[in-house]
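Notes follow the structure.
The values are calculated or read from the model by the stated rules, or taken from the named source; none is laboratory data. Keep in mind the model is a prediction, meaning the values are calculated, not measured. Heads up, the Cβs are rebuilt from the backbone with ideal geometry, glycines too, and the neighbour counts pull from every protein chain shown. Surface areas here come from the heavy atoms of the whole protein model, side chains and all, with no ligands, DNA or RNA. Shrake-Rupley method; radii C 1.70, N 1.55, O 1.52, S 1.80 Å.
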Amino acid sequence: MKAGIFFVRVWRILSIAGFLFALFSSYISYPDAVAVRFDEQNQPIQTLGRETIFYLAIGIFIINNTLINLASRLIAKVPTDKLPVPNHEIWAANRPALNLIFKNWFSLLMSAINTIVGLGLLVLSFLNRSDRPIRAVEYAWLLPLSTAILIAVLAWLPIRLFMKPNNDD
C-alpha cells in the first residue's frame with residue numbers, strides 16, 4: 001500500500017472518530033441554550049438548543065458521507081472520454097489508476113468536512129463554558145485552518161491529475 005493511500009484511509013477513520021468524539025463530548029458540555037453568536041462585549045445575542053446543534057451536526061455528517069460516497073462510486077461509471085482530465089490519452093489507458101485517484105480525493109473531501117465540523121463543535125463547546133472568559137483570539141485559528149484544509153484538498157485533485165499515473169496507483 002502506498003503512503004498516500006494509507007494517509008487517506010487513516011485520516012478518514014480519524015476524522016469519523018474525531019467527529020463522533022467532538023459531537024458527544026460537546027453535547028455533554030453544552031448548556032440547554034447554546035450561544036452561537038456574540039456581540040462586541042462577548043455577550044450572547046443568539047442561541048440554539050443543544051439538541052438542534054446535535055441533530056444538525058448528525059445531518060451534516062450523514063449527508064456529507066452519503067453524498068460524497070455516492071459521487072465517488074458514480075464517477076467510476078462515467079466514461080473516460082466524458083471526464084475533464086488533462087493528459088486524457090494517458091488517463092484513458094490507465095482507468096483503474098484514475099478511479100483510485102478520484103476515490104482517494106472524495107475520501108479526502110469527506111475527511112476534511114468531518115474534521116472541520118468536529119473542530120467547529122469543539123470550539124462552540126469551549127465558547128459556551130462558564131468557567132472561562134470568552135476571548136475570540138483563542139479561537140481565531142479555526143477559520144484559517146479550515147480554509148487551508150479545504151484549499152489543500154481541493155487543489156490536490158488537479159495537481160495529481162497533471163502528474164503521470166504510477167504503476168502502483
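Neighbours of residue 111, meaning other residues whose beta-carbon lies under 15 angstrom from its beta-carbon, give a summed charge of +3 when Lys and Arg score +1 and Asp and Glu score -1.
Here the Karplus relation 6.51 cos²θ - 1.76 cosθ + 1.60, evaluated at θ = phi - 60°, turns the backbone of region 63-74 into coupling constants of 4, 4, 5, 6, 5, 5, 5, 5, 4, 4, 6, 6 Hz, with x for every Gly and Pro. For region 2-162, a Kirkwood hydrodynamic radius built from all Cα pairs, placed in the Stokes-Einstein relation at 37 °C and 0.692 mPa s, yields a translational diffusion coefficient of 184 µm²/s. Between 78, 153, 36, the Gaussian network model of the chain with springs among Cα atoms under 10 angstrom shows the greatest mean-square fluctuation at 78. In sequence order, region 102-113 has phi-based couplings of 5, 4, 5, 5, 5, 5, 4, 5, 4, 5, 4, 5 Hz under the Karplus curve 6.51 cos²θ - 1.76 cosθ + 1.60, θ = phi - 60°, and Gly or Pro positions carry x.
Axis of helix 3-29 versus longest Cα principal axis of the chain: the two differ by about 20°, to the nearest ten degrees.
Dipole of the chain computed with +1 at Lys/Arg Cβ and -1 at Asp/Glu Cβ about the Cα centre; of 94, 70, 22, farthest Cα towards the positive end is 94. Compared with the dominant Cα axis of the chain, that is its longest principal axis, helix 142-162 is turned about 0°. Overall, the accessible surface of the chain at a probe of 1.4 angstrom is composed of carbon and sulfur to the extent of 67 percent.
Evaluated with a Cβ-only charge set (Lys, Arg +1; Asp, Glu -1), region 2-162 carries a dipole of roughly 660 debye about its Cα centre, given to the nearest 20.
Other residues lying with their Cβ under 13 Å from the Cβ of residue 68 contribute a combined charge of +3, Lys and Arg counting +1, Asp and Glu -1. Check cross-link reach from residue 77 to the lysines: straight Cα distance under 19 Å, and skip same-chain residues fewer than eight apart. By straight Cα distance, residue 77 reaches 103.
With the convex hull drawn around the C-alpha atoms of region 82-138, the volume per residue stands at 110 Å³. Just to be sure I follow: if Rg is taken over the C-alpha atoms of region 7-83 and Rh is the Kirkwood radius over the same atoms, what is Rg/Rh? Taking Rh as the inverse mean 1/r over Cα pairs, Rg/Rh reads 1.18. Taking amide H as placed 1.01 Å from N in the peptide plane, residue 38 has its amide H under 5 Å from the amide H of 45, each at least 5 places away in sequence or on another chain.
Each Cα pair under 8 Å and six or more residues apart adds its sequence gap; the mean of these over the residue count of the chain is a relative contact order of 33 percent.
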